[in-house]
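Below is one structure; the comments refer to it alone.
The values are calculated or read from the model by the stated rules, or taken from the named source; none is laboratory data. Not measured: the values here are computed from a predicted model. Glycine also receives a Cβ, built like all others from the backbone with ideal geometry; neighbour counts cover every protein chain displayed. Surface accessibility is based on the protein's heavy atoms, side chains included, excluding ligands, DNA and RNA. Shrake-Rupley method; radii C 1.70, N 1.55, O 1.52, S 1.80 Å.
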Amino acid sequence: MMVKWLRENRYAAAFLLLVRLYVGYEWITAGWHKLTGGFDAGGFLKNAVTKPIVDKATNELVYPTFTAFVNNVALPNVKIINVMIPIGELLVGLGLILGGLTAAAAFFGLLMNFMFMFAGTVSTNPWMILLGGLIFMAGANAGKYGLDFYLLCLTCASSSPINMTTRGRPEQPVRNILPHISKVG
């Protein structure tokens, strides 16, 4: 019932606009500070490997696959990571603020938040996961007051306007563009 309200209600779309603007601003400022402030993820990644999250009772790694990923993939390619994180944060923020590809922006924001939490950083990540999850669950309705409204019209196969209460499906049924194949009898 709550997800249906998030996905179809115009008041939910207005609420999600405010949430999008806040979360987008947070992502853009984080990315901008990293781009202009000389960001280096090397220390963060080394700390994620040398001081991983462990179970206090058994002293075993809680996220062994993530630690292996950081050690074998991220650390050897830290120069690429140093570019990908700030640009990714900037793009997520831009997508959320403009309301373009909103669900995709929310998804990649959630992905980054979870990666930061797997590495042991709490900070604002739980709050951003909660808000980003709301945006992601809302789907097309989260971008109703943004570029997604127009992008969905472009992807529609018919020229009729999109009725957002039908979750982005056109009001008129789309005609089958494939030729009819007759059955051989």
Can you say whether Gly93 is assigned to a helix (DSSP H, G or I), in contact with a helix residue (DSSP H, G or I) (Cβ under 8 Å, 6 or more places away or on another chain) and not polar (S, T, N, Q), as far as the supplied structure shows?
yes
Being among the aliphatic types (A, V, I, L, M), modelled with pLDDT under 95 and within 19 Å of Ser123 (Cα to Cα) narrows Ala57, Ala41, Ala13 down to just Ala41
Residue hits (segment 92-102; modelled with pLDDT of 95 or more, hydrophobic (A, V, I, L, M, F, W, C) and within 10 Å of the chain's Cα centre (by Cα)) are Val92, Leu96
Here the residues within segment 63-87 that are surrounded by 14 or more Cβ atoms within 10 Å (Cβ to Cβ) and part of a loop (DSSP other than H, G, I, E, B) are Tyr63, Leu75
Taking segment 7-16 and the residues there that are part of a helix (DSSP H, G or I) and over 15 Å from Leu96 (Cα atoms), the one that is least open to solvent (accessible area, probe 1.4 Å) would be Ala12
By residue number, the members of segment 17-62 that are open to solvent by 30 Å² or more (accessible area, probe 1.4 Å) and of a type in the set (Lys, Arg) are Lys34, Lys46, Lys51, Lys56
The residue from Thr58, Thr124 that alone is in contact (Cβ under 8 Å) with a residue 60 or more places away in the chain, polar (S, T, N, Q) and out of contact with any Gly (no Cβ under 8 Å at 6 or more places or on another chain) is Thr124
Over segment 95-134, the set of residues buried (at least 20 other Cβ atoms within 10 Å of the Cβ), out of contact with any Ser or Thr (no Cβ under 8 Å at 6 or more places or on another chain) and of a type outside the set (A, V, I, L, M) is Gly99, Thr102, Gly109, Asn113, Gly132
